[in-house]
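Presented below is the structure to which this report refers.
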Amino acid sequence: LKLLSEDPSPQKPEVAENVTVLNHYDAPLTGALIMGGEDRTVDYDDGDPEGDCLKLTYALSGNTIIALAQPVARGALKDAASVRLKVKASAQTQLVIALGETPDAPNLEETSYAYVEQIEAAAGWKELDIPVSRFQLDVGKHDPDGKLTLEKVQSVVIADASAMMAGQRVSNTLWLDELAVVR
């Protein structure tokens, strides 16, 4: 826990042509929260040809996940065509990327839309460029307007759901770099 004298919200996103970078995941990690995992270590690695990246090493007991929650300013995904992320993993990984919509009314639950991508073990860097049309309403969630409304998205969650899907213990190292929105 760290007490700050100013707002800890993410720094202003970097914009280049049709791409808005939400987080480069350079050292030190700012504007994101990591939840879950056992024996978790957070490091930085210069393994990506374009610079530093986030390196998470962890274990997951059966039916659990580890997640990195990236808050974004409401409206930051407006007119987005896709969400882009660079990733690699030491073990086969069921990577979930979820977009969290904030409700219009204060008493309603956040709605989330998710996309699952299989990341092969030790296969090197993979650049995901996920069209927003591929995100599906999470199981058990209800969306009052019945569709993903990009203007309402206020979080992007990146999670390893391998242990949850397999129902057994998993150990992994996950490298993340450059979470961005493409218009």
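The values are calculated or read from the model by the stated rules, or taken from the named source; none is laboratory data. Predicted model, so just to flag it, every value in this text is computed and none were measured. When we count neighbours, we look across all protein chains shown, and the Cβ atoms used for this are built from the backbone with ideal geometry, even at glycine. For the accessible areas, the whole protein counts, side chains as well, though only heavy atoms, and no ligand, DNA or RNA atoms are used. Shrake-Rupley method; radii C 1.70, N 1.55, O 1.52, S 1.80 Å.
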Applying the selection to the stretch 28-37, what residues are exposed (fewer than 14 other Cβ atoms within 10 Å of the Cβ) and in contact (Cβ under 8 Å) with a residue 24 or more places away in the chain? 33, 35
Any idea how many residues of the stretch 68-77 are in a strand (DSSP E or B) and open to solvent by less than 10 Å² (accessible area, probe 1.4 Å)? 2
Evaluate the following for residue 58: is it under 19 Å from residue 178 (Cα atoms) and out of contact with any His (no Cβ under 9 Å at 6 or more places or on another chain)? no
Considering the stretch 107-140 alone, what residues qualify as being open to solvent by 70 Å² or more (accessible area, probe 1.4 Å) and either charged (D, E, K, R) or touching a helix residue (DSSP H, G or I) at 6+ places or on another chain (Cβ under 8 Å) (or both)? 109, 110, 120, 126, 127, 129, 134
Restricting to the stretch 51-67, name every residue that is within 13 Å of residue 88 (Cα to Cα), under 14 Å from the mean Cα position of the chain (by Cα) and open to solvent by 10 Å² or more (accessible area, probe 1.4 Å). 55
Within the stretch 82-100, does at least one residue satisfy the condition of being over 19 Å from residue 172 (Cβ atoms), polar (S, T, N, Q), touching a helix residue (DSSP H, G or I) at 6+ places or on another chain (Cβ under 9 Å) and surrounded by 15 or more Cβ atoms within 10 Å (Cβ to Cβ)? yes
Restricting to the stretch 141-182, give me the number of residues that are over 25 Å from residue 28 (Cα atoms), open to solvent by 40 Å² or more (accessible area, probe 1.4 Å) and of a type outside the set (A, V, I, L, M). 10
